Amino acid sequence: MTDQIYWNPVLETLPQEKIRQLQLKKFKKIFKWAYDRSKFHRKIYDQAGVKPEDIRSFEDIRRVPSVEKSMMRDIQRKDPFPYGDALCVPLEEVSVFRQTSGTTGQPVYQPDTWQDWEWWAECWSFILWAQGYRPKDRVFIPFGYNIFVAFWAGHYAAEKIGCEVIPGGVLDTKARILKIQELQATAMMGTPTYILGMAETAQMKMKIDPSELTIDKITCAGECGASIPSTKRRLEKAWGAKVYDHAGATEIGAWSFECQDQPGGLHVNDAMFLVEIADVETGEIIEEPGRRGKMIITALDRQAQPCVRFDSKDVIEWSSDPCSCGRTSRLIKGGVVGRADDITKVKGVLLAPSAIEEVVHGVDGLGDEYEVIVDRVGHTDRIKLKVEVLPEAQDQCQLVECELADQLRLKTNLRYDIEICGCETLPRYEVKAKRFKDLRKKSETE
Ligand SMILES: [Zn+2]
């Protein structure tokens, strides 16, 4: 079993044509499940005039209205308390509560049954196996086990595939690093921001070189970082380990992963999720590679609170190349580029925050942290970028700043007011970083 390349050799090498048949079959089933059992879903489907028996092709699937996060917020905190009308199982079958982080508004509650929870662990098993996790691995999880799903399912999947798991719960960063050293952990999971922060703490405050510890692979999630080439290079260099990306969400599940061949993108777990890409302006479904749109996703097997054509607002595009690993699932080129809400026009130019990160992490001499503040002075947009220069590059501050300004202009077509801050003065984040602030949005809503 440990020599096996794939977690599920049948599903992961199924020809695309067969995968599409499976997706259609499963979609019909989950759509009927939601229609029959949830007043919330039935109402929006009846309004659109789509019934379960109408679904015969992928064209028909496109007639099913998508669900947005704001719609879920509106029905929650009502009966059956606290989930409201989207709950498709009796309340007593719910075995765990989670919620979204609420970075874009009021948190959404997420119920799961025990069966859903096993499904979560199964989805994560695909990810971990594809990233080289095997029973001999000792996996350290530096995450504050709480109401956020984050790495909970990663934990259970690591156990499921036979690894030994060390829950690094309430320990602080220093204690976590010492535990990794003491127990010779071989793998770890975290947000790119936190994993970089751990490396900084080890180097600056403990005089430990993280690349000399025993970690040889790291699974990142929660932010785009591990799919941004310069951030991935920083992470891999700091830890002397392979770094893999994974994208998932509380309301959706663990839908994608980077494999060991690192093809410059994410595999979609096509057997368990149906990913569609919709044009942000027109809603037209994009089939061809190389055109960005927002992801509309269906979790094909999740039951308690189904995720049927959920408008995730994640901006993605299809890749045209198959992956050398032999998996037949489709690839998302360059991972999740950002959220449709965050990709904003500044001075008339489209700007994705991940493009700024790619530049900052690609300039030698700059620290990992940065902050972007977009503001409007009179009728003109202004972007302020705060960065830290590392102690060893302090005497070349001007050179570093020039390089940064040049690269930013080249890669984003915009000019920035750059502010060099003292070492370790910008905020550090434990989970997801909040580095992009658009003050224009605030003044518009006030
Ligand atoms: Zn692959």
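The values are calculated or read from the model by the stated rules, or taken from the named source; none is laboratory data. The shown structure was predicted, so the numbers you read here are calculated from the model rather than taken from an experiment. Positions of Cβ are generated from backbone atoms using ideal geometry, with glycine treated the same way; all protein chains shown enter the neighbour counts. Surface accessibility is based on the protein's heavy atoms, side chains included, excluding ligands, DNA and RNA. Shrake-Rupley method; radii C 1.70, N 1.55, O 1.52, S 1.80 Å.
Any residue at all in the range 9-16 that is open to solvent by 80 Å² or more (accessible area, probe 1.4 Å), in contact (Cβ under 8 Å) with a residue 24 or more places away in the chain and in a loop (DSSP other than H, G, I, E, B)? No, because not a single residue in the range 9-16 is open to solvent by 80 Å² or more (accessible area, probe 1.4 Å), in contact (Cβ under 8 Å) with a residue 24 or more places away in the chain and in a loop (DSSP other than H, G, I, E, B). Looking only at residues in the range 262-275 that are more than 13 Å from GLU12 (Cβ to Cβ) and open to solvent by 10 Å² or more (accessible area, probe 1.4 Å), the one that is farthest from the ligand (Cβ to nearest atom) is GLY264. Looking at the range 78-108 only, could you name the residues that are outside any loop (DSSP other than H, G, I, E, B) and either open to solvent by 40 Å² or more (accessible area, probe 1.4 Å) or in contact (Cβ under 8 Å) with a residue 60 or more places away in the chain (or both)? Result: ASP85, ALA86, LEU91, GLU92, GLU93, VAL94, SER95, PHE97, ARG98, GLN99.
Counting only residues that are of a type in the set (Asp, Glu) and part of a strand (DSSP E or B), the range 188-236 holds 0 of them.
Scanning the range 428-446 for residues that are at pLDDT 85 or above, surrounded by 15 or more Cβ atoms within 10 Å (Cβ to Cβ) and not basic (Lys, Arg) gives PHE436, ASP438. A single entry from PRO135, PRO111 fulfils the requirement of being over 19 Å from ASP216 (Cβ atoms), modelled with pLDDT of 95 or more, more than 16 Å from the ligand (Cβ to nearest atom) and not in a helix (DSSP H, G or I): PRO111.
Per the listing GLY283, GLY248, the residue uniquely within 18 Å of VAL337 (Cβ to Cβ) and either away from the ligand (no atom under 16 Å from the Cβ) or hydrophobic (A, V, I, L, M, F, W, C) (or both) is GLY248.
Determine, yes or no, whether ARG330 is open to solvent by 10 Å² or more (accessible area, probe 1.4 Å), basic (Lys, Arg) and within 16 Å of the ligand (Cβ to nearest atom). Yes, satisfied. For ALA340, the criteria (1) among the small types (Gly, Ala, Ser); (2) at pLDDT 95 or above; (3) under 16 Å from the mean Cα position of the chain (by Cα); (4) open to solvent by 10 Å² or more (accessible area, probe 1.4 Å) hold in every case but one, which is (2). Residues in the range 252-261 that are crowded, with 23+ Cβ neighbours inside 10 Å and in a loop (DSSP other than H, G, I, E, B) were compared, and the one that is nearest to the ligand (Cβ to nearest atom) is CYS259. Residues in the range 316-327 that are outside any loop (DSSP other than H, G, I, E, B) and open to solvent by 10 Å² or more (accessible area, probe 1.4 Å): TRP318 alone.
Residue count for the range 222-235 satisfying the condition of being open to solvent by 10 Å² or more (accessible area, probe 1.4 Å) and in contact with a helix residue (DSSP H, G or I) (Cβ under 9 Å, 6 or more places away or on another chain): 8.
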